[in-house]
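K.L.:
If you scroll down you'll find the structure; I have some questions about it.
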Amino acid sequence: MKQQLLKCLPVALAALFIGGAAQAQTAAATSASQQFSTWSVGVNAGVLSPISPLGGKNDFSNWKSSLGYGLYVKKQFTPYFSLKLDGIRGKLKGDNSEPYDSGTAVTGGNTAYETDLSYAGTLSAQVNMFNIDLFKKQDVLQLYVSAGAGLAGYKPTVTSAGGVTADYADGKTISELVIPVGLGAKFRVSENINFDLGWSVYFVDGDNLDGTYRNNNSDKFNYAHAGLEFALGKGKQLAYYNPVAASYDEAVQAKQLAGSLKSDLDNQKAENAKLRSEMDDLLKDSDGDGVADKLDKCPGTPSGTVVDGGGCPLVQPKPIEKVIITEEDRRVVRDAIKNLEFDLGKATIRSKSFPTLNRVANLLVKKSFSLKLAGHTDNTGSDELNMRLSKDRAESVKAYLVSQGVNASRVEATGYGETQPIATNKTAAGRQKNRRVEFTLY
């Protein structure tokens, strides 16, 4: 049994570190933004007593309490489960100076003993019972239970009935299996420090702890302690993390975000409606002569009447001239395209575009060219909005040219929305190129 345990302890220690590495990788993969402290070390001191309230009869009637101390390293795998590798030292004492509680006097054999507990090293599983407050993501009080197995090494010294003191087992260290079970409570006093109160009973696989065979009963001892635990690494302690409260907070935040998005959407709809109203007012043409009401100097023109740029009927139509487009004419149009800018999300032409548009208007009036305006947008916004915006911008350019004396019948305005991109819509530069109005002379 002891040899098997000695072989198992290194394996258990390796499992503690390997399991910790695997758990850290899993946590990093699932939540890069949520960091927890999962390793901790602790020191403690308390009282060692060679008794157990969990049954069995001691070989000596009178037990004594002695100082014990220990340390441990712990790996927290979940908020409720951890593995702890710990060790304690101290002394265990007892004698037969008093009868048992039943009144039976102890006769024969050794009268007293003192055992030097060189070590008791164990690997235990610790389970946190529950979080005290379900609405706190980080609690302050934690109750736990633990159980495990390990190895104890000790040297008993016994005193015979004749008062002779001698080393048991010729002073050699005895090593035996121990099974610890315990419970306790921890208080989080700061982000990385806990105050620990615990009590454990160690069941020994043998009857050598007190150097005496008397009641045909395996020996046992208990350790009640108080100490400090120090969390290692960055982040909050996983042991105090409350996933129920965290899930509740995430749900509340998601609801708040949904409300904020709905508000933004409503505001955008209102802005779009305002934009449509402004465009409809700007481009309204009651008599259908191709000149917007705001620019029409002769409202109410009969249907089919050819009008000038001010919306008034032409007295004598100009003779059709042969159209010859020169390179200089094309340069004038290219300059207008290059300098054409609108207000963001609107069909309002910016004033810096007027000089080059004026040259195009002069060209159309002077040489009687016809012009096709094709409005285009990037893919930002809905298809319907983009189609409307591209059409409105082309109409806005047409309205401006007509206001400068161009014959409205010689200007055709069409919108294509986002259907004919000339560059990628995945970059800001590409989207800028796609937001354009093309001029075609003929």
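Please treat every number below as a calculation from the coordinates, not as lab data. Here the structure is a predicted model, which is why all the values come from computation and not from measurement. Ideal geometry is used to build each Cβ from the backbone, glycine not excepted, and the neighbour counts take in all protein chains shown.
K.L.:
Could you tally the net charge around Thr159, taking each other residue with its Cβ under 10 Å from the Cβ of Thr159, Lys/Arg +1 and Asp/Glu -1?
P.N.:
Values: positive: none; negative: Asp95, Glu114.
Net local charge, Thr159 excluded: -2.
K.L.:
Find the centroid of the Cα atoms in the stretch 334-410 and in the stretch 52-91, then give the distance between the two in whole Å.
P.N.:
A separation of 87 Å, based on Cα centres.
K.L.:
Now a separate question. Quick one: putting +1 on the C-beta of Lys and Arg, -1 on the C-beta of Asp and Glu, what dipole do you get for the stretch 291-442 around its Cα centre, in Debye to the nearest 20?
P.N.:
Values: 25 positive and 18 negative charges, 83 e Å.
The calculated dipole for the stretch 291-442 is roughly 400 debye.
K.L.:
Continuing with the same structure: Which of Lys269/Lys366; Lys274/Lys398; Lys284/Lys372; Lys284/Lys352 have a Cα-Cα distance over 32 Å? Intermediate values should be presented prior to the final figure.
P.N.:
Numbers: Lys269/Lys366 44 Å; Lys274/Lys398 22 Å; Lys284/Lys372 20 Å; Lys284/Lys352 25 Å.
Long pairs (Cα-Cα over 32 Å): Lys269/Lys366.
K.L.:
Going by how many other beta carbons lie within 10 Å of each one, how would you line up Val397, Val73, Val189, fewest first?
P.N.:
Ordered from fewest to most neighbouring Cβ atoms within 10 Å, Val397, Val73, Val189 come out as Val189, Val73, Val397.
K.L.:
Around His376, with a cut-off of 12 angstrom between Cβ atoms, what is the net charge of the other residues, counting Lys and Arg +1 and Asp and Glu -1? All intermediate terms of the calculation are to be shown ahead of the outcome.
P.N.:
Working: positive: Lys391, Arg393, Arg431, Lys433, Arg435, Arg436; negative: Asp378, Glu418, Glu438.
Spelling it out: positives minus negatives among the neighbours equals +3.
K.L.:
Write out the trypsin sites (Lys or Arg not before Pro) in the stretch 181-239 meeting two conditions: DSSP loop, and at most 10 other Cβ atoms within 10 Å of their Cβ. It would help to have the intermediate numbers written out before the result.
P.N.:
Numbers: sites: Lys186, Arg188, Arg214, Lys220, Lys234, Lys236; in loops: Arg214, Lys234.
Qualifying residues, ordered by number: Lys234.
K.L.:
May I ask you to derive the FRET efficiency for Leu183 and Gln35 from their Cβ-Cβ distance with R0 = 30 Å, giving the value to the nearest 0.05?
P.N.:
Values: r = 30 Å, r/R0 = 0.99.
Here the calculated transfer efficiency is 0.50.
K.L.:
State, to one decimal in nm, how far the label point of Val43 lies from the label point of Lys367, with both points 7 Å from Cα in the Cβ direction.
P.N.:
Calculated label separation equals 9.4 nm.
K.L.:
Around Tyr69, what is the net charge, scoring Lys/Arg as +1 and Asp/Glu as -1 over all other residues with Cβ under 14 Å from its Cβ? Walk me through the intermediate numbers first.
P.N.:
Working: positive: Arg89, Lys91; negative: Asp86, Asp116, Asp196.
Computed value for this residue: -1.
K.L.:
Fewest Cβ neighbours within 10 Å first, please rank Glu114, Glu341 accordingly. Walk me through the numbers before you get to the answer.
P.N.:
Working: Glu114 19, Glu341 13.
Neighbour counts put them in this order, fewest first: Glu341, Glu114.
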